[in-house]
Structures are given as structure tokens and as C-alpha cells.
Amino acid sequence: MSLRIGHGYDIHRTLKGRKLVLGGVTFDTDFGLDGHSDADALTHAICDALLGAAGLPDIGHFFPNTDPAYKNADSQLLLQKVVAALRERGWAKIDFGQGSAPHADGNFITQSGKLEFYSQALADQGLDGLPFFDPPAEAMDTELAGRFPLALITPKTHLFLNSTFPNQKRQHSAQPEPYVVLHPDDASPREVADGTEVRVFNERGAFVCKARVSDEARPGVAVAPMGWWSADYPEGRSSQVTTSQRLTALGDAPTFNDNRVEVEAL
């Protein structure tokens with residue numbers, strides 16, 4: 001027996017004058033979610049989780065927003081079509097004795113135990129109790145973008161995972177030196193070629209490494225994988241010297257991937 005578990009998510013912007021439908025339930029509000037169908041984001045996420053578990057394309061493949069047949073469509077009907085498509089391919093839900101609605105009684109990790117759209121805990125902290133947009137500190141700052149036009153992100157390397165492993169000979173020999181990836185459209189006007197030593201900088205600091213030119217990076221984005229120790233950088237400083245100490249409004253999380261920089265060839 002092949003057991004599969006799927007994950008799904010969906011995002012729609014809010015829109016005045018639309019009905020709000022979530023999980024097939026219509027709420028009495030003066031706004032809803034914008035979309036081609038009824039924009040039931042919860043049901044769409046469930047559809048994507050089921051399709052992903054079966055190794056099938058996402059909901060947009062089966063019900064494209066360019067097809068007038070799905071204009072204002074009831075997403076519960078789309079979910080029925082997804083379930084039918086899975087059954088046709090031999091997939092079936094495993095019965096754990098929970099019935100057809102295992103979460104009908106809630107048991108969510110909220111104060112009420114139910115699915116909540118308003119958080120009293122956030123309101124008590126002086127924040128909006130409803131979902132809200134917490135704007136990035138630098139990515140949308142047009143004045144800052146004029147001086148530092150590239151957004152720097154620092155994902156983990158494939159072999160290091162974190163800074164525990166770079167000093168181990170096997171891992172380090174496979175990824176011996178740090179680098180920054182630039183899209184050709186960003187590299188060309190800066191006279192940066194593959195292998196050029198570059199300086200990545202902003203007002204907080206700078207680090208030096210070699211550049212890789214590839215369309216794996218999006219235009220306007222510099223990608224500097226992290227994990228190497230400072231001693232691996234020519235000047236002994238890593239990308240961390242450019243990052244901000246600012247924390248997010250929610251959870252006091254770091255903002256190190258919300259970071260504007262410039263890159264110059266050396």
C-alpha cells in the first residue's frame with residue numbers, strides 16, 4: 001500500500017463587495033476574497049493538498065482561471081471533482097474511524113479550540129486581531145532601492161545545512177568557497193562575469209566573494225547561500241554583516257532576508 005500525505009495553501013486578496021466563502025461556509029461580511037471562482041481559499045488549499053499527495057498538478061491546472069466555465073464556481077463542486085479524479089486513479093482516503101468530518105469539534109490550537117479569524121491574543125498586544133499585511137522593512141522601500149537596488153536572500157546551502165558542518169573536510173571540499181548568484185540582467189550592467197570577485201554591500205557592512213551568473217536567481221535578487229565560516233570569505237566577513245537587527249511585528253522574528261544591497265566588481 002502506498003501512503004501519501006499532501007500539503008496545500010492558497011492566497012487571495014480581500015475585496016469589498018465580494019461574499020466571503022471559506023470551507024463552503026458563507027460569512028456575513030462586507031468583503032470577500034477576490035478570485036475567478038468563489039475564491040474559497042480553504043477549499044482550494046484542501047484541493048491542492050489532495051492533488052499534491054497524488055502527484056498531480058495543482059488546482060489551477062484542472063480549473064484554470066481563464067476558463068469561463070469556472071467563473072464564480074462553487075469550490076465545493078471543484079473539490080468533488082478533485083476527489084472523483086483521485087478515485088478514478090485508484091486513490092482512497094484511509095478510514096481511521098474519525099468519520100467524514102474529523103475536525104467538526106475543533107481541537108485547533110486556539111483559545112477557543114475552533115478555527116479563528118480574529119486573534120484576541122494579538123489584539124492584547126496592540127496589533128490588529130484580524131489578518132493584516134506587515135510590510136517588509138526594506139524590500140518595498142523605493143528610496144532605499146534607488147541606492148541599493150538588489151534584494152539579498154541567504155538560503156542554506158545543500159551540503160552544510162547550517163554552520164555546524166562547513167569545517168568537515170567532506171562537506172567543505174564539495175563546496176569550498178562562498179558565492180553570490182546574480183541574474184544575467186543584473187550582472188551585465190555591473191560588468192560581473194561568472195567567477196568575478198565582487199563586493200556585496202549596504203550601509204551596514206560589506207562582504208567579498210565570487211559571483212555566479214545564472215538565471216536561477218530572479219532579476220533584482222542576489223542569492224548568497226549561507227553556511228560557510230567567516231574564515232572562508234576573503235575579508236573574513238560573511239553576508240551577516242549586511243543584515244538588519246530589525247524584528248517583525250509578529251513573533252519578533254528576524255528579517256535577514258529583507259535586505260537591500262548593491263554589488264560591484266572588484
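Where a number appears in this text, it was derived from the coordinates with a stated rule and is not lab data. All figures in this text were calculated on a predicted structure; none of them were measured in a lab. Note: ideal-geometry Cβ built from the backbone for every residue, glycine included; neighbour counts use all protein chains shown.
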Mean projected area (nm²) from the convex hull of Cα positions in the chain is 20.1
Where a ≥ b ≥ c are root eigenvalues of the Cα gyration tensor, a/c under 1.5 meaning rounded, otherwise prolate if a/b exceeds b/c and oblate otherwise, region 63-142 counts as oblate
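What is the packing order of peptides 54-60, 84-90, 211-217, 101-107, taking the mean over residues of other C-beta atoms within 10 Å and listing the highest first?
211-217, 54-60, 84-90, 101-107
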Quick calc, region 142-265, dipole around Cα centre from Cβ unit charges on Lys, Arg (+) and Asp, Glu (-), nearest 20 debye, gives 400
Rounded to the nearest 5, the percent of antiparallel DSSP beta bridges in the chain equals 70
Given unit charges at Cβ for Lys, Arg (+) and Asp, Glu (-), the dipole magnitude of the chain about its Cα centre in debye, nearest 20, is 700
The answer for V181, listing residues at least 5 apart or on another chain whose modeled amide H is closer than 5 Å to its amide H, is R212, V223, A224
If each K or R counts +1 and each D or E counts -1, the residues other than D232 whose Cβ falls under 12 Å of its Cβ total 0
Within region 125-266, the percent of DSSP beta bridges that are antiparallel, given to the nearest 5, stands at 60
Most exposed first, judged by fewest Cβ atoms within 10 angstrom, K210, K93 run K93, K210
A student applying the Cα gyration tensor rule (rounded when a/c is under 1.5; otherwise prolate if a/b is larger than b/c, oblate if not) would label region 14-94 prolate
For region 215-266, the dipole about the Cα centre with charges only on Cβ (Lys and Arg +1, Asp and Glu -1), to the nearest 20 debye, works out at 180
The residues D28, D124, D74, sorted from fewest to most surrounding Cβ atoms within 10 Å, come out as D28, D124, D74
Once the dipole of region 14-94 is set up from charges on Cβ (+1 Lys and Arg, -1 Asp and Glu), the residue from the list A39, G52, P64 lying farthest towards its positive end is G52
Summing +1 per Lys or Arg and -1 per Asp or Glu among the other residues with Cβ less than 11 Å from R260's Cβ gives -4
